[in-house]
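Here's the structure we're looking at; comments come further down.
The values are calculated or read from the model by the stated rules, or taken from the named source; none is laboratory data. As the structure is a computational prediction, the values presented were derived from the model and not from experiment. Note: ideal-geometry Cβ built from the backbone for every residue, glycine included; neighbour counts use all protein chains shown. The accessibility values were calculated without ligands, DNA or RNA, using every heavy atom of the protein model including side chains. Shrake-Rupley method; radii C 1.70, N 1.55, O 1.52, S 1.80 Å.
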Amino acid sequence: RAKGRGRNRFEYFSEALQAEVVHTKRVADEILSGLEREEFIAFYQPQFDARSHDLVGVEALVRWRHPVLGLRAPDAFLATAEDLNVMATIDRIVLEHALADLDRWESMGLKVPRASVNVSHRRLHDDALIESLEKLHIPPGRIAFELVESIYLDEDDAVIAHNIDQLKELGIEIEIDDFGTGYASIVSLQKLRPARLKIDRQLVDPILDDIGQRQLLASIVDIGKSMGIEVIAEGVESMAHAAILTELGCDILQGYAFARPMSRDDLEVFLGEQRWRRAS
Ligand code: C2E
Ligand code: MG
Ligand code: MG
Ligand code: MG
């Protein structure tokens, strides 16, 4: 009996596994046709100066306008896209949207000083990256690349080191995303000299009722200050959070308390109405 049960369990797992494989395969096929049909677009989430509440930039976040399922967020497809080796392509598409939209906003008289785009490890590792960026004529100071801390694992990687230097030459600013969850050391920060750190929302969330977490956040801000690096808090979900973060010396705030990621058209309405000024 025990043996029988074991076999059943095995069959159960293998069925589940197979369903998973079939699902992943379907998502993979759909991503490829989605790329062909240009279904991947950028959404934008505004970022604000903590003290003045002026808009200082937007983070561009990929969305998939799926013909049947509607708007899909990254966790529905990023892992599969990574496996398919198309993340660098998706990053490029989002950057191209951001550049076109910065132009468009300028011609509309809407002030969006900067757009930050997320950059996958693969893309940063591409030795043709700089060449392809040069063709895009990126206006200096208007685009930032958000890199996750785990790129530090490869801090001695020659291609990455070279690319990061060259990005700065092109006037692209470097930001460390999800700071506090990964592997960054003080030394690697000194080497990389990013323009900004983005404190991960896992560290931001508990500051309302946890003094220890508040002190931790204050120390990160101090490290940033002493190195001339601006500090952004992500995942700011309430005005109570915003007030504490501002008091702790965070420079820039981004989160649902101010605005969710939104389509280009919605952002234009949002900017026109200056809605956040009335909310805060
Ligand atoms: P991330 O870069 O850390 O982006 C912040 C995520 O937090 C976004 O999720 C955003 O919608 C969400 N968020 C913003 N404010 C709040 C808040 O107040 N509360 C909470 N709970 N969440 C908030 P999203 O758009 O689903 O993106 C998830 C992740 O996918 C991103 O995390 C980033 O790592 C990745 N990603 C998104 N777009 C791209 C892209 O174009 N290229 C690459 N390589 N990765 C991307
Ligand atoms: Mg990001
Ligand atoms: Mg982040
Ligand atoms: Mg994050």
Exercise. If we keep just the residues of the stretch 151-194 that are of a type in the set (Gly, Ala, Ser) and either modelled with pLDDT under 85 or within 16 Å of ligand 1 (Cβ to nearest atom) (or both), which is least open to solvent (accessible area, probe 1.4 Å)?
Worked result: Ser188
Problem set entry | Scan of the stretch 202-236 for residues that are of a type in the set (Asp, Glu) and either more than 22 Å from the chain's Cα centre (by Cα) or under 26 Å from Glu173 (Cα atoms) (or both), ordered by number | Asp209, Asp210, Asp222, Glu230, Glu234
Exercise. Can you pull out the residues in the stretch 201-212 that are open to solvent by less than 70 Å² (accessible area, probe 1.4 Å) and more than 18 Å from Phe48 (Cβ to Cβ)?
Worked result: Leu203, Pro206, Asp210, Gly212
Problem set entry | Unique residue being touching a Gly at 6+ places or on another chain (Cβ under 9 Å), within 16 Å of ligand 4 (Cβ to nearest atom) and not in a helix (DSSP H, G or I) when the list is Leu203, Leu197 | Leu197
For this session: Answer yes or no: is there a residue in the stretch 31-39 that is under 30 Å from Lys111 (Cβ atoms), outside any helix (DSSP H, G or I) and at pLDDT 95 or above.
Result: yes
Exercise. If we keep just the residues of the stretch 168-193 that are without any contact (Cβ under 8 Å) to a residue 40 or more places away in the chain and part of a loop (DSSP other than H, G, I, E, B), which is farthest from Leu61 (Cα to Cα)?
Worked result: Ser185
Seminar exercise, completed: Restricting attention to the stretch 97-150, the residues that are crowded, with 21+ Cβ neighbours inside 10 Å, within 16 Å of ligand 4 (Cβ to nearest atom) and assigned to a loop (DSSP other than H, G, I, E, B) number exactly 1
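Yes/no matrix, rows are residues, columns are (1) surrounded by fewer than 21 Cβ atoms within 10 Å (Cβ to Cβ); (2) in a helix (DSSP H, G or I):
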position: Arg214; (1), (2): yes, yes
position: Leu217; (1), (2): no, yes
position: Asp222; (1), (2): yes, yes
position: Ser226; (1), (2): yes, yes
position: Val231; (1), (2): no, no
position: Val236; (1), (2): no, no
position: Ala240; (1), (2): yes, yes
position: Ile244; (1), (2): yes, yes
position: Glu247; (1), (2): yes, yes
Problem set entry | Residues of the stretch 249-278 that turn out to be open to solvent by 10 Å² or more (accessible area, probe 1.4 Å) and either of a type in the set (Asp, Glu) or assigned to a strand (DSSP E or B) (or both), as a count | 6
